[in-house]
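A.B. asks: Have a look at the structure that comes next, please.
A short reminder: the numbers here are calculations on the coordinates, not readings from a lab. Owing to the predicted nature of the structure, the values given are computational and were not obtained by experimental measurement. Cβ placement follows ideal geometry from the backbone for every residue including glycine, while neighbour counts extend to all protein chains displayed.
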Amino acid sequence: MVYQIYPRSFADSNHDGIGDLGGVRDRLGHLAWLGVDAIWLSPFYRSPMADFGYDVADYCDVDPLFGALDDIDGLIADAHALGIRVVLDWVPNHTSEQHPWFVESRSSTADPKREWYVWRDPSPSGGPPNNWRAAFSPVPAWTLDPTTGQYYLHCFLPQQPDLDWSNPRVVEAMHGVLRFWLDRGVDGVRIDVVHLLGKDPDLADDPPESIGLPHVGLNDRPETHPILRDLRRLVDGYEDDRMMVGEVYLLDVPRMAKYYGRGDELHLSFNFPALYAEWDADCWREVIDTTTGALDPIDAWPTWVLSNHDNPRHRNRYGGSESRARAAAVLLLGLRGTPFLYAGEELGLLDAEVPPDRVVDPGGRDGCRAPIPWDDSVGHGWTTDPWLPLPPESTVRNVAHLRSNPASILHLYRRLLEQRHASLALEQGDQTFLATPPGVLGWIRSTVGDDHRVILVNFTASIVELGADLDPVIAEHLVLVASDGVGEGGPAPRTLGPDQAVLLGPS
Ligand code: TEU
Ligand code: CA
């Protein structure tokens, strides 16, 4: 399981109201207790923070807000000592407008760095070179730079100019960045919007039916695949295990699946259709089947994500009840594939309600980025008013409080992770669906030999009889984990309660 940390919101070691690397380092022991295998750190590089770090001004340094290079070195060492791997967020599609490369690039059309970014003359009618839209707001993905009278491309904010990956010098420089971090001991990278790297050399308009959609959700080009194969060779050139997980933001599983290549591109890719699936058995059955059907059984290992720093938390999306969030934990940790968990999910956090005068993100994503509540003190571990308001229920929904209560959702996550570590079937085994009543999904995870686990999830708000079809499968099975903690250690149930899920194993 990979645990995503948004450093600004995780823990604050120097009391300025902004989380930092020291804060992460202080809490590694807690993450080891929880059973985290790896952490993915959202960007901590030098940045003017127009997109809270996804606008990088120096790929090889830590922003003073988060600490210094020594802190990341120490964090990597401490994490490794606890058996936790460290994955960094690498943002290769765009830099900050304040990156020295872009400062040079925009200075003149003759500058040697000009071709590192995508510059074009205005269209014949005088507007932007094509109809691509930027993310976050319905504005063109092009900004006219008065110095040279040309437009530059930015698929996100104007402060995030896109690099031109068709330029070998860009590739060389970015490979250097990757080596810089791999040489420092990081175990892998999460690659930001990796499907955007290859672009149509003609920069043709997006099709009329997609007018208004940001180009980031549409860009799916053959040019990206050789770029990925080169990156894969670089990463696999390190003898010990290193890993690339790509953010392929295409809302279509078969399209996403191509980014695994033939086992020679991404090691892992995020599966956004699952993140956007509703809490509904048929929706989940469909996304799981589509994923299984689209990914090569040998070359492509699935991933599952319910929440991240860009979207409302799944407890909100699924209607707000804690019982559903608990059942979702069993779902996430029971599926075949690598689960990614967004910090706070294990506390059952809801998004913060952010009053208009505290909104800071241009993409409106503040709610899910609320600070993590750590304890019962007044600021819940944040001694200075944090950069965003704390999430609701922090008085009871904080780490210390939930850790002291074995019946809490935090302990549920811990028990599930313990079970994953104890069973090869659960961690790596095959997955076969079982015949279950409507509204319930059930599947068996198995490896050769006797090792197997059964997962049952009731997506409905009613009690469901499991029925005779399942009897032969779950007879002589015990409840290893129940989402509500009820009946653990006892025989497999005949019914599931509303939004209840169980993990069963042979007795
Ligand atoms: O996100 C890319 C992306 O496509 C999303 O921002 C998407 O547009 C959004 O979720 C819709 O709600 C990545 C990072 O995860 C994000 O934080 C950055 O802002 C973005 O890239 C630019 O680097
Ligand atoms: Ca701080």
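A.B. asks: Could you state the number of Å between the C-alpha centres of the range 341-357 and the range 365-418?
C.D. replies: 9
A.B. asks: So, with +1 on the Cβ of K and R and -1 on the Cβ of D and E, and no other charges, what is the size of the charge dipole of the range 20-152 about its Cα centre, to the nearest 20 debye?
C.D. replies: Here the range 20-152 has a charge dipole of around 460 debye.
A.B. asks: How are the C-alpha pair distances of the range 143-230 spread across 10 Å bins, as whole percents from the shortest bin up?
C.D. replies: 13, 41, 33, 11, 2
A.B. asks: Something else now. What number in nm² do you get for the chain if you take the convex hull of its Cα atoms and divide its surface by four?
C.D. replies: Mean projected area for the chain: 23.9 nm², to one decimal.
A.B. asks: Given the Cα-Cα distance of R358 and E465 and 0.36 nm per residue of separation, how much length would full extension add, in nm?
C.D. replies: 33.8 nm
A.B. asks: Okay, next question. Taking amide hydrogens as modeled 1.01 Å from N in the peptide plane, which residues meet the under 5 Å criterion relative to A501, leaving out close sequence neighbours?
C.D. replies: The answer is N458, S483, D484.
A.B. asks: Arranged by the count of other C-beta atoms within 10 angstrom, fewest first, what order do Y342, Y318 take?
C.D. replies: In increasing order of surrounding Cβ atoms, one gets Y318, Y342.
A.B. asks: For every helix of n ≥ 4 consecutive DSSP H residues, a contribution of -39,500 (n - 2.57) applies; sum these over the chain, divide by its total residues, and give [θ] at 222 nm rounded to the nearest 500 deg cm²/dmol.
C.D. replies: Calculated at 222 nm, the ellipticity per residue is -7000 deg cm²/dmol.
A.B. asks: Counting other C-beta atoms within 10 Å, which of F44, F102 has the fewest, and how do the rest follow?
C.D. replies: Result, fewest neighbours first: F102, F44.
A.B. asks: Can you put L275, L266 in order, fewest other beta carbons within 10 Å first?
C.D. replies: Ordered from fewest to most neighbouring Cβ atoms within 10 Å, L275, L266 come out as L275, L266.
A.B. asks: Taking the Cα centre of the chain as origin and charging only Cβ (+1 Lys, Arg; -1 Asp, Glu), how large is the dipole, in debye to the nearest 20?
C.D. replies: For the chain, the charge dipole is close to 360 debye.
A.B. asks: Roughly speaking, what is the stretch gain from A407 to Y276, that is 0.36 nm per residue apart minus the C-alpha to C-alpha distance, in nm to one decimal?
C.D. replies: Extending this stretch completely gives an extra 44.3 nm.
A.B. asks: Treat every Asp and Glu Cβ in the range 429-506 as -1 and every Lys and Arg Cβ as +1, leave all other atoms uncharged, and give the resulting dipole magnitude about the Cα centre to the nearest 20 debye.
C.D. replies: About 100 debye.
A.B. asks: Can I ask one more? Hand me the GluC sites (Glu not before Pro) from the range 369-438 located in a DSSP loop with no more than 16 other Cβ atoms within 10 Å, in residue order please.
C.D. replies: Listed in order of number, the matching sites are E393.
A.B. asks: Among V62, V87, H99, which residue has its Cα positioned farthest towards the positive end of the charge dipole of the range 44-105, with +1 placed on the Cβ of Lys and Arg, -1 on the Cβ of Asp and Glu, and the dipole taken about the Cα centre?
C.D. replies: V87
A.B. asks: Rounded to whole Å, give me the distance from the Cα center of the range 219-259 to that of the range 267-323.
C.D. replies: When both Cα centres are located, 19 Å separates them.
A.B. asks: Once the mean 1/r over all distinct Cα pairs of the range 143-187 is inverted, what Kirkwood radius in angstroms do you read off?
C.D. replies: 12.7
A.B. asks: Across the range 410-500, how large is the tail of the calculated P(r) beyond 17 Å, expressed as a percent of all Cα pairs?
C.D. replies: 51
A.B. asks: Report the Cα-based extents of the range 100-153 along its three principal axes, largest first, to the nearest Å.
C.D. replies: 31, 26, 16
A.B. asks: For the chain, what's the relative contact order in percent, using C-alpha pairs closer than 8 Å and at least 6 residues apart?
C.D. replies: After rounding, I find 11 percent.
A.B. asks: Could you work out the relative contact order of the range 100-153, using alpha carbon pairs under 8 angstrom and six or more residues apart, expressed as a whole percent?
C.D. replies: Here the relative contact order equals 32 percent.
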